[in-house]
Amino acid sequence: MALWGGRFQGESSALFKLFNDSLPVDYRLFEQDVVGSIAWADAIASVGVITAQECTDLKAALNELLTEVGEQPEQIIQHGAEDIHSYVEQQLIAKVGDLGKKLHTGRSRNDQVATDLKLWCKSEGESLLTKLSTLHAELVALAEREVDAVMPGYTHLQRAQPVTFGHWCLAYVEMYERDISRLQDALNRADSCPLGCGALAGTAYPIDRHQLASALNFARPTLNSLDTVSDRDHVVELCSAASISMMHLSRMAEDLIFFNSGEANFISLSDEVTSGSSLMPQKKNPDALELIRGKTGRVYGSLMGILTTMKALPLAYNKDMQEDKEGLFDVVDSWSICLDVAALVLSGLSVNRPQALSAAQQGYANATELADYLVAKGMPFREAHHVVGEVVVFAINAQKPIEALSVEQLQQFANFIGDDVYKDLTIEACLEKRDVLGGTALKQVSAAIEAKKAQLNHG
Ligand code: ARG
């Protein structure tokens, strides 16, 4: 039976029920609905709506329900209730009879669903923060293992300047740190308790909303009842934080897919995260990374979905908002498993140092060094840039790297070039000259790794 039968004389159509019911989605809020109901029982007992004994009995029944179905909330779907709130109430009535019908006094499903959803976001958010930290730690460990593995750095997917694999790892470490802080930020803003706002105007019972908020482990109560029941900013923010983080994950995945390609062959992925082809026996495909890249699309889709659903909705609650959960749940599931899989990929990844080094030695990645050499001898940089461009064309035609050209050949472009040029053209020189905060020199990367490790130890 629905929670709202009295006003109606006819039955809902089966099609409408199918369309309107949200239990197949919101059953995942079971635990939060029970926990919120326990706090609400205390709240209405404190203002004399129910007796202390009735409160004890209600809470015992709710706790019993929690243990009965808590471990497998998906069994709830078999039940025909309209939504998770109706389900919990019906089960409660089945357990304690008419007493169960008293619990909803002063509460609406509007403040109830807002509370459940925030509680869910808070708890999932904590687990996502842990997963982000694990991934962060995995990358720092990989940076340490491969601190001095040389590989080409790219712009426009053209070999640009040599960098180390450790330096590459630390680039993503920075991104995941921003993701952590963005998520923390969103969770802090979501940390206000909606319960006690009723349907839209506030509950008519003089409950202490501060006390209720702290009973549910919220930092504070919300401050305006109209806003409270119609606010889904926390859903938007979680989807947005997830989208940005998935953007980072997908960029890392794409880099690694390329590094793992036959063409680059800078890294090898472990058998744990790759799969074979049903036809081509030689293939070892980077499926885990491709799926991370692929799932990013649906996460963005859900962000667009919730933004569009909320656009231009009048105050206060509208049923449109029931559409908030499916996308959010999918976002959190996708982000969560991608974080786990990304950490697994990194833990089993090895760098093929000779191939990565030899790629860094090709492609004229030391051209900037030659320009800097000319600058050090007094030539203005813009002119040096032009001269080196000509040297590169010459070297390409001669099918040689710059360092294989003789001094005489180099002197055709700038007559003051001497033998001392060759030491500047080595990979080691290219790397070591970038000894500035944020640069790829070994000293800088090692110091950055130490700083990240100290940060990890201090939580
Ligand atoms: N299933 C609903 C939702 O998720 C619960 C709130 C229903 N409120 C209402 N006034 N019909 O939004």
(request) Kindly provide the set of residues from the stretch 277-303 that are over 15 Å from residue 257 (Cα atoms), open to solvent by 50 Å² or more (accessible area, probe 1.4 Å) and at pLDDT below 95, ordered by number. (result) 278, 279, 280, 281, 282
(message) Residues to consider are 263, 272; find the one that is part of a helix (DSSP H, G or I) and either within 16 Å of the ligand (Cβ to nearest atom) or not aromatic (Phe, Trp, Tyr) (or both).
(response) 272
(request) Residue by residue through the stretch 1-34, note down the ones that are buried (at least 20 other Cβ atoms within 10 Å of the Cβ) and away from the ligand (no atom under 15 Å from the Cβ). (result) 34
(message) I'm checking my understanding of the structure. Among residues of the stretch 95-124 that are under 29 Å from residue 16 (Cβ atoms) and small (Gly, Ala, Ser), which one is surrounded by the most Cβ atoms within 10 Å (Cβ to Cβ)?
(response) 114
(request) Considering each residue of the stretch 190-222, count those that are of a type in the set (Asp, Glu) and either surrounded by 20 or more Cβ atoms within 10 Å (Cβ to Cβ) or under 19 Å from residue 105 (Cα atoms) (or both), and give that number. (result) 1
(message) When you check residue 295 against the structure, is it among the charged types (D, E, K, R), touching a helix residue (DSSP H, G or I) at 6+ places or on another chain (Cβ under 8 Å) and within 16 Å of the ligand (Cβ to nearest atom), yes or no?
(response) no
(message) Between 74, 64, 31, which is over 31 Å from the mean Cα position of the chain (by Cα), at negative phi and in a helix (DSSP H, G or I)?
(response) 64
(message) I need the full set of residues from the stretch 147-162 which are surrounded by fewer than 23 Cβ atoms within 10 Å (Cβ to Cβ) and not small (Gly, Ala, Ser), in order please.
(response) 147, 148, 152, 154, 155, 156, 157, 158, 159, 161
(request) Could you tell me whether any residue of the stretch 76-94 is of a type in the set (D, E, K, R) and surrounded by fewer than 16 Cβ atoms within 10 Å (Cβ to Cβ)? (result) no
(message) So, in the stretch 1-17, exactly how many residues are at pLDDT below 90, in a helix (DSSP H, G or I) and farther than 14 Å from residue 82 by Cβ?
(response) 2
(request) Can you run down the residue pairs with Cβ atoms below 9 Å, 6 or more apart or on separate chains, where the first is in the stretch 73-86 and more than 8 Å from the ligand (Cβ to nearest atom) and the partner is among the basic types (Lys, Arg) and open to solvent by 10 Å² or more (accessible area, probe 1.4 Å)? (result) 73/28; 74/28; 80/17; 86/109
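The values are calculated or read from the model by the stated rules, or taken from the named source; none is laboratory data. Please read these numbers as outputs of a predicted model, since none were measured by experiment. Please note: Cβ atoms are built from the backbone with ideal geometry, for glycine as well, and neighbour counts cover all protein chains shown. When the accessible area is computed, the model is the full protein with side chains, heavy atoms only, and any ligands, DNA or RNA have been set aside. Shrake-Rupley method; radii C 1.70, N 1.55, O 1.52, S 1.80 Å.
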